[in-house]
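The values are calculated or read from the model by the stated rules, or taken from the named source; none is laboratory data. A quick note: this is a predicted structure, and the numbers were derived from the prediction, not measured. Neighbour counts run over all protein chains shown; Cβ positions are idealised from the backbone, glycine included.
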Amino acid sequence: MSKTVKNLISKAYANQFGDLTEAMIIDVRGIEANENNRLRSELAGKQIRITVVKNSLARATFKDTPLEPLGDLIEGPTALCYGGESVVNVARELVDIAKGIKELELKGAIMDGQLFGADEIEALSKYPTREEAQAQVIQVVLGPASQVAGALVGPGNTIASILKTIEEKLEKGETIAKVG
């Protein structure tokens, strides 16, 4: 491959992957064409892209970017998966798909600067997404607040109930016994 072609590919990689901070590396070697098309269309429906990369050019492009640690995992035929809401969604989808496509090899991923090896991808797929984590934090914060609100409203409800009972008895002409 000529130096001009390599420069064009490097520039295309920089444009395509320049803004990525998290991604996953897979090997699609050995997957039949129909399976590969099904895999790509399933992922495309979930806004996840797969791009087969030339290893040396990808390593050079990733240098001094958040994807640089992935360079250590790039070996043999490699494809970069990215998109979706986060790399957690990418991992979830690929872990599920890999159960049906034995040839699909999950090599690793990077999220928030942390590198996940092939043996850690399944654990990554069980992480909460950013939205799920935010919802969990809100639940933790609101839990005690709702208990405090319940504690404040509870006695008021009790007093209101007693006053209603007194009112009903007085309306019926009944006497109210003194509580002592």
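Brief remarks on what is shown
- Some residue of segment 34-42 being in a loop (DSSP other than H, G, I, E, B) and either acidic (Asp, Glu) or out of contact with any helix residue (DSSP H, G or I) (no Cβ under 8 Å at 6 or more places or on another chain) (or both): no
- Comparison of VAL137, VAL88 shows that the only residue that is over 13 Å from MET24 (Cβ atoms) and either outside any helix (DSSP H, G or I) or not polar (S, T, N, Q) (or both) is VAL137.
- Residue count for segment 20-41, restricted to those that are exposed (fewer than 14 other Cβ atoms within 10 Å of the Cβ) and not aliphatic (A, V, I, L, M): 6
- Residues of segment 77-94 that turn out to be free of Cβ contacts under 8 Å to residues at least 60 places away in the same chain and under 13 Å from the mean Cα position of the chain (by Cα), as a count: 7
- The number of residues in segment 109-142 being small (Gly, Ala, Ser) and modelled with pLDDT under 70 comes to 1.
- For GLY84: the one exception among (1) surrounded by 15 or more Cβ atoms within 10 Å (Cβ to Cβ); (2) under 16 Å from LEU124 (Cα atoms); (3) modelled with pLDDT of 85 or more: (3)
- Within segment 46-76, being assigned to a loop (DSSP other than H, G, I, E, B) and within 16 Å of the chain's Cα centre (by Cα) holds for LYS46, GLN47.
- Tally of residues being within 15 Å of PRO66 (Cα to Cα), over 13 Å from the mean Cα position of the chain (by Cα) and crowded, with 19+ Cβ neighbours inside 10 Å across segment 95-126: 2
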